[in-house]
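The values are calculated or read from the model by the stated rules, or taken from the named source; none is laboratory data. Values in this document were obtained by computation on a predicted structure and should not be read as measured data. Heads up, the Cβs are rebuilt from the backbone with ideal geometry, glycines too, and the neighbour counts pull from every protein chain shown.
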Amino acid sequence: MKPLLEARGMTAAAPADEAEAVRSTVRLPKLAAGARRWHLAGLLACGLLTAALAGASAWATHTAMSTSRQSLVFVILGAALGIGAVRALERVLAERLGQHYIHRIRVLLIGSALRGNEKTSPGVIIARTTNDLTAVRNWVALGIAPLIVTVPLVLGVVVVLALIHPALAFALLMVCSLMVAVFAAVSGVVFERARAVRRMRGRLAATTADTVNALDSIRTNGGENRERNHIDRIGSKVVEAAIHRSRATGVLRGTAATAGALATAVVVVLGVFGTVSVAQVTAALLVVGIIATPLNDLGRVVEYRQNFKAARRVLLPALEQAPVDERTREFDVALDRADEDGCYTFEARNLVFADDRRVPTLLARAGNRIRIESEDPEAVSALLEAVAGIGRNRAGVVRIAGIDMSRAEGAVRRRVLGVARGSDLLPRGTIDRAIRYRDPSSGPDDAERIVRQLGLDEVIAQLPRQEKTPLKRGGEPLTGSQRGLVHLARAAFGSPEVLVIDRLLETLDHAARARVDALVADYPGVVITTDGRLPGTWRRWVL
């Protein structure tokens with residue numbers, strides 16, 4: 001028959017090769033996709049419209065100064081108001097573009113973390129979804145968007161100045177060329193310093209998260225001052241790195257500000273030397289004034305670009321976390337129906353631990369109870385992670401009923417396997433949601449049997465909002481024992497074919513253990529545990 005549980009090993013790649021493979025196969029989502037295409041088109045239209053309004057304003061100014069036509073004043077005022085309205089619309093479109101884009105990446109990041117086999121610090125994940133995505137948002141909303149608007153605007157202004165006098169257009173082109181040359185020379189320095197800041201911030205975020213998670217232990221052992229000093233040292237490095245980066249970004253912003261001022265200055269110089277007339281100078285000053293702010297913004301664009309490139313180096317590997325075997329090890333764990341009596345075969349091939357121990361073959365029936373025993377806790381964890389499909393680095397890829405459990409869809413995983421681990425945290429949400437988490441289409445009545453069997457109905461009745469009571473910070477306001485019961489209720493909900501109980505009893509009180517004993521005694525499927533205190537007849541699976 002078709003195997004119910006089967007694992008196929010993986011071959012490790014060298015870390016450098018793996019990183020290169022990730023960079024070559026993983027890409028950030030396309031910016032010009034879906035509704036974002038319309039946002040980009042709108043921004044381009046804003047740039048062209050601003051250039052047109054600038055041209056109209058320059059023509060009206062030059063004509064009014066040359067012919068004293070006072071009615072053209074209204075054209076000048078209307079163009080000014082129009083430019084203001086377009087700039088406001090540009091800002092809204094830029095923000096829509098940036099937020100829509102990072103929202104897509106945020107969802108992909110969380111999805112990658114949920115399906116990945118690499119254990120990542122909560123602080124690192126938070127840093128990725130905040131600091132790194134902020135860098136992406138800044139590049140899109142404050143970098144790409146201004147470029148889309150500014151490039152056609154500057155080109156349009158150059159055309160307008162060329163129509164007024166060629167010398168004005170040439171002067172503006174020279175100023176813009178010098179600005180771009182400085183940007184190109186400094187951008188590499190900004191990138192390296194941006195990477196340094198991000199490394200320091202990521203380390204600070206991870207350390208802070210770990211410190212917060214260990215607050216009780218730190219207080220108990222009198223380590224408040226040490227931890228505060230540790231955070232202070234890391235935070236000081238962040239400060240130094242940020243200040244070091246600001247010296248390079250200051251050059252960018254100073255250059256952009258100088259370009260805007262210099263563009264105005266060269267118009268005045270050409271007027272002073274009589275190259276252009278007073279009317280031409282007035283019209284040119286008005287047009288150059290319109291692009292002064294966009295030119296100034298370009299200094300930030302380069303900074304945002306380099307910050308984005310530094311963030312991208314972190315985000316791309318995070319979007320694809322494939323399990324990698326550090327020692328190039330392969331193994332199989334198979335659960336086959338062996339005969340007509342419904343006997344299953346648990347077989348592990350080539351699963352070798354540090355001292356060359358191998359997992360022996362095991363025969364079990366539906367309803368049998370299997371206890372994993374070993375003097376090496378890491379070996380037990382490796383086997384359970386292989387069975388559950390959550391192995392980190394060394395556990396490979398596990399298949400249950402021919403399905404890769406590390407990438408299985410939720411409905412398939414729920415049917416085959418339920419895992420209750422005492423070390424897990426409960427997800428944020430109501431207690432009713434936590435119990436029925438394995439089957440989101442179920443209703444409260446579907447969980448009534450398992451709730452009563454484990455005595456959770458009494459727990460729920462005492463909660464302020466009963467089954468709608470929200471759980472926060474891993475399971476509060478439940479006690480540790482109550483959280484353990486919720487873990488087991490969730491794992492056994494729907495009666496999956498294999499139920500794994502891993503280090504759960506140590507979190508339970510006496511009454512809760514009695515409830516667990518009763519559930520395990522009546523469970524119809526195969527039960528695998530690492531706990532030696534569960535009563536009844538248990539087969540030993542010695543590693």
Test set (1) closer than 20 Å to Ser374 by Cα; (2) of a type outside the set (A, V, I, L, M, F, W, C); (3) under 35 Å from the mean Cα position of the chain (by Cα) - Gly536 fails condition number: (3)
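Checking the condition under 22 Å from Val197 (Cα atoms) and out of contact with any Phe, Trp or Tyr (no Cβ under 6 Å at 6 or more places or on another chain), which residue from Gly250, Gly271 passes? I'd like the intermediate steps shown before the answer.
Working: Gly271 fails: under 22 Å from Val197 (Cα atoms).
The unique qualifying residue is Gly250.
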Residues (under 10 Å from Met200 (Cα atoms) and in contact (Cβ under 8 Å) with a residue 24 or more places away in the chain) located in segment 223-239: Ile234, Gly235, Lys237, Val238
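Among the residues of segment 500-511, are any closer than 15 Å to Ala366 by Cα, within 39 Å of the chain's Cα centre (by Cα) and either without any contact (Cβ under 8 Å) to a residue 40 or more places away in the chain or not in a loop (DSSP other than H, G, I, E, B) (or both)?
First, pick out the residues of segment 500-511 that are closer than 15 Å to Ala366 by Cα: 500.
Now drop any that are not within 39 Å of the chain's Cα centre (by Cα), which leaves 500.
Cutting the leftovers down to either without any contact (Cβ under 8 Å) to a residue 40 or more places away in the chain or not in a loop (DSSP other than H, G, I, E, B) (or both) gives us 500.
So far as segment 500-511 goes, yes, one or more of its residues are closer than 15 Å to Ala366 by Cα, within 39 Å of the chain's Cα centre (by Cα) and either without any contact (Cβ under 8 Å) to a residue 40 or more places away in the chain or not in a loop (DSSP other than H, G, I, E, B) (or both).
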Selection from segment 464-490 of residues that are aliphatic (A, V, I, L, M) and at pLDDT below 80: Leu471, Leu478
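Does Val189 count as touching a residue at least 12 places away in the same chain (Cβ under 8 Å) and either buried (at least 20 other Cβ atoms within 10 Å of the Cβ) or at positive phi (or both)?
Numbers: touching a residue at least 12 places away in the same chain (Cβ under 8 Å): yes; either buried (at least 20 other Cβ atoms within 10 Å of the Cβ) or at positive phi (or both): no.
In short, no.
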Subset tally (residues that are closer than 30 Å to Ala35 by Cα, in contact (Cβ under 8 Å) with a residue 12 or more places away in the chain and not aliphatic (A, V, I, L, M)) for segment 45-94: 6
Segment 415-426 residues that are farther than 16 Å from Val520 by Cα and free of Cβ contacts under 8 Å to residues at least 60 places away in the same chain, paired with ones that are in a loop (DSSP other than H, G, I, E, B) and not hydroxyl-bearing (Ser, Thr, Tyr) (beta carbon under 6 Å, 6 or more apart): Leu425/Gly474
Helices (runs of 4 or more DSSP H) fully within segment 105-185 counting 3 or more residues that are at pLDDT 85 or above, small (Gly, Ala, Ser) and not assigned by TED's automatic domain parsing to the domain that holds Val387: 145-164
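Every residue, every condition in (1) of a type in the set (Phe, Trp, Tyr); (2) assigned by TED's automatic domain parsing to the domain that holds Ala169; (3) closer than 17 Å to Glu303 by Cβ; (4) in contact (Cβ under 8 Å) with a residue 12 or more places away in the chain, yes or no:
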site	(1), (2), (3), (4)
Thr207	no, yes, no, yes
Asp216	no, yes, no, no
Ala241	no, yes, yes, yes
His244	no, yes, yes, yes
Ala256	no, yes, yes, yes
In segment 265-291, residue surrounded by the most Cβ atoms within 10 Å (Cβ to Cβ) [restricted to those that are closer than 14 Å to Ala54 by Cβ and either of a type in the set (Lys, Arg) or free of Cβ contacts under 8 Å to residues at least 60 places away in the same chain (or both)]: Leu285
